[in-house]
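Here is the structure we will look at.
Bear in mind these aren't lab numbers, they're just calculated from the coordinates by the rules spelled out. Here the structure is a predicted model, which is why all the values come from computation and not from measurement. Note: ideal-geometry Cβ built from the backbone for every residue, glycine included; neighbour counts use all protein chains shown.
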Amino acid sequence: MGLMVSSRLGTATLPSHSPSSILFTNVRIFDGQDEIPRGHVLVQSGRIAKVSSRPIAPPDKATVVLDRPGHTLLPGLIDGHVHVYEAAALTQSLQFGVTTVCDMHNEPVVIAQMRHVAATNTDAADLRSACHGATIEGGWPAALLLSHDPSPEFKAALEKWPKLKTQDDVDAFVQLRKSDADYVKLFHEDGKCLQVDLPKPSLELQRMIARAAHDNGLPVFAHAFGLESAIEVLNAGADGMAHTIVDSPPTQALIEAYKRNNAHCNPTLVGIASMTNQGLKDQEEYANDPRVQRFLPGPARAILCKCVALSSDSCRVEYAYESVRMMREAGVDVIMGTDTTGRVGGMAFGVTAHHEIAMFVKHCGFAPIEALRSATSIAARRFRLNDRGRIQPGLRADLVLVEGNPIDDIGDTLNLRGVWKQGVLCSSYAL
């Protein structure tokens, strides 16, 4: 019998066996970087064994051969910004072809539970996390989270959050993150974009955190919605931003800060459109798409059809679009991330990954293949996930099969026909 993995939302079965070899034939391949118009991929023991434009012979009679002309094989998508609170987030992500999710602030006990689910359930996306971000007394994101959960239990949890002030605080915080996290998350938010007044960490503190994290081998990613704050925290040592700016038109100084620090941007355009109350039409289109409805439960569709609408009147999603256009032109790495929580309006696990890359194409001048790179090979490189993000011999067989050609039409990424995590087919699919 298979292993049963428990969660607050039910159970999922880990298959006791899977095919040792899978051979995809006559498929278009997007390998994370380039296109092979007609190719063949052999998977063995959860890894990519061969990739070729020439036919590959099945290694044995037990090999499952999937001949799929008219389909495209992609690396599993990587969502570079989520907040995972329950196992259903990981299973839904995988159903929609997101094979890895990167949590950007959460309770360490929750992350430990979710890591167990990811490690033991082949129907759950893999997980990386910052655990607790580098918070200060009264700072972001406590105000936002309290608006969604004012319970005494959550208020008690807030008391355990970091309240960083001194070098000793920073050193202890980074040592803890070295033991339970994959990267460090900074918050550089004064609240002006969100119509609240919040204390913002000093630049001296942010530099201390970034320096200590780097000294301990941890990359540093930062939150900022404002132009000035983004430039400040980039110059303090951030390796990447977890949002783009929304409060004013982007400037060349912003682009220079990215370039100077070799930093990437995870713009979260869908989330910003929801925050500025400008994204509802697109959100409803995704919620009503039959390709989405097959896996997205009713309550999640209802959340998808709401906007957060928290930003000040001066904030515009067009500022975000323009910033990403400028980054693309300047050669700044842009990665896909959604800021999905399962609780905040306008986003849904897995679904919003497809919406986000479509936004890159629709609003920011990306060719579809560039948008696909942002969700695969570039994201993998930026998160130091050297075993995934590409279809290449030796790497994990985290794969997505779609009907059609998303290199021509990015919307075809939702024509999902199969999702594999380490060579095991997600049980929502039958081939």
Selected residue (criterion: nearest to Leu145 (Cα to Cα)) from residues of the range 344-378 that are assigned to a loop (DSSP other than H, G, I, E, B) and within 16 Å of the chain's Cα centre (by Cα) | Val344
Within the range 41-95, how many residues are surrounded by 14 or more Cβ atoms within 10 Å (Cβ to Cβ), more than 26 Å from the chain's Cα centre (by Cα) and assigned to a loop (DSSP other than H, G, I, E, B)?
-> 5
Using the structure shown, decide if Arg417 is within 16 Å of the chain's Cα centre (by Cα) and charged (D, E, K, R).
-> no
Sort through Ala222, Ala230, Ala238, Ala213 and tell me the only one that's in contact with a helix residue (DSSP H, G or I) (Cβ under 8 Å, 6 or more places away or on another chain), in a loop (DSSP other than H, G, I, E, B) and surrounded by 14 or more Cβ atoms within 10 Å (Cβ to Cβ).
-> Ala238
Taking the range 390-431 and the residues there that are among the hydrophobic types (A, V, I, L, M, F, W, C), in contact (Cβ under 8 Å) with a residue 12 or more places away in the chain and assigned to a loop (DSSP other than H, G, I, E, B), the one that is nearest to Thr120 (Cα to Cα) would be Cys426
Across the range 363-388, the tally of residues that are within 14 Å of Asp333 (Cα to Cα), crowded, with 21+ Cβ neighbours inside 10 Å and of a type outside the set (A, V, I, L, M) stands at 8
Going through the range 198-213 one residue at a time, which ones are under 16 Å from Asp169 (Cα atoms) and not hydroxyl-bearing (Ser, Thr, Tyr)?
-> Pro201, Leu203, Glu204, Leu205, Gln206, Arg207, Met208, Ile209, Ala210, Arg211, Ala212, Ala213
Find the residue count for the range 228-248, including only residues that are in contact with a Ser or Thr (Cβ under 8 Å, 6 or more places away or on another chain) and farther than 17 Å from Ala273 by Cα.
-> 1
Scan of the range 275-333 for residues that are touching a Leu at 6+ places or on another chain (Cβ under 8 Å), outside any helix (DSSP H, G or I) and either on the phi > 0 side of the Ramachandran plot or touching a residue at least 60 places away in the same chain (Cβ under 8 Å) (or both), ordered by number = Asp289, Leu296, Leu310, Ser311, Ser312
Thr244 passes all but one of (1) in a loop (DSSP other than H, G, I, E, B); (2) more than 19 Å from the chain's Cα centre (by Cα); (3) among the hydroxyl-bearing types (Ser, Thr, Tyr); which number fails?
-> (2)
